[in-house]
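Novice: Just dropping this structure here.
Throughout, read-outs are computed from the coordinates displayed, never taken from laboratory work. Source: prediction; values computed, not measured. Neighbour counts are summed over all protein chains in view; Cβ atoms, including those assigned to glycine, are modelled from backbone coordinates with ideal geometry.
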Amino acid sequence: MVASASAPTRSDLARAIRRAYTGRFTQTELAEQLGVAQNTISRWATGEVEPRLDDIVAIEKACLLPRGTILRAAGYVVESASPEDVVAADQRLDAARRELLLAAYQAALNQSNPRRKV
């Protein structure tokens, strides 16, 4: 069973963003790399504004970090849990909805890679 943890907060994401660029770039340098204003970086780093997912990917790319590093550091991604484990642990789902969700997941995998059979 998947361990229950509190949901990540905007502050967790801001902290992960700061860790990603600190020691690599100043806010001004990162802003230049991303083509945004320095105050945008500041607002992301303080949690005032949440960046879009493509902004997070751009930060990781600029900082030469593997994709998903920031979201993992913020607590949004749990490496040890498979999709099946996450669905099984979700107390909001009854058995029928769990099966439906897993079937939809497997169908999506098969569509994205027709050679793969789950």
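Novice: Taking only the C-alpha atoms, wrap a convex hull around segment 10-74 and report its volume per residue in Å³ as a whole number.
Specialist: Spelled out: Cα convex hull of segment 10-74, divided by residues, is 67 Å³.
Novice: Next up: Pairs of alpha-carbon atoms within less than 8 angstrom and 6+ residues apart define the contacts here; what relative contact order does the chain have, in percent?
Specialist: 27 percent
Novice: Using a simple charge model, +1 on the beta-carbon of Lys and Arg, -1 on the beta-carbon of Asp and Glu, nothing else, what dipole does the chain show about its Cα centre, in debye to the nearest 20?
Specialist: Around 220 debye, computed over the chain.
Novice: Please build a GNM for the chain, connecting alpha carbons under 10 Å apart, and tell me which residue among Arg72, Arg19, Arg92 fluctuates the most.
Specialist: Comparing Arg72, Arg19, Arg92 in the GNM, the peak value goes to Arg92.
Novice: Please give the length that would be gained between Leu53 and Arg19 if that part of the chain were fully extended, namely 0.36 nm times their separation in residues minus their C-alpha to C-alpha distance (nm, one decimal).
Specialist: Details: separation 34, 0.36 × 34 = 12.24 nm, distance 1.70 nm.
The Leu53-Arg19 span can extend by a further 10.5 nm.
Novice: Once both labels are modelled 7 Å past Cα along the beta-carbon direction, what's the Ala37-Asp94 spacing in nm?
Specialist: 5.1 nm
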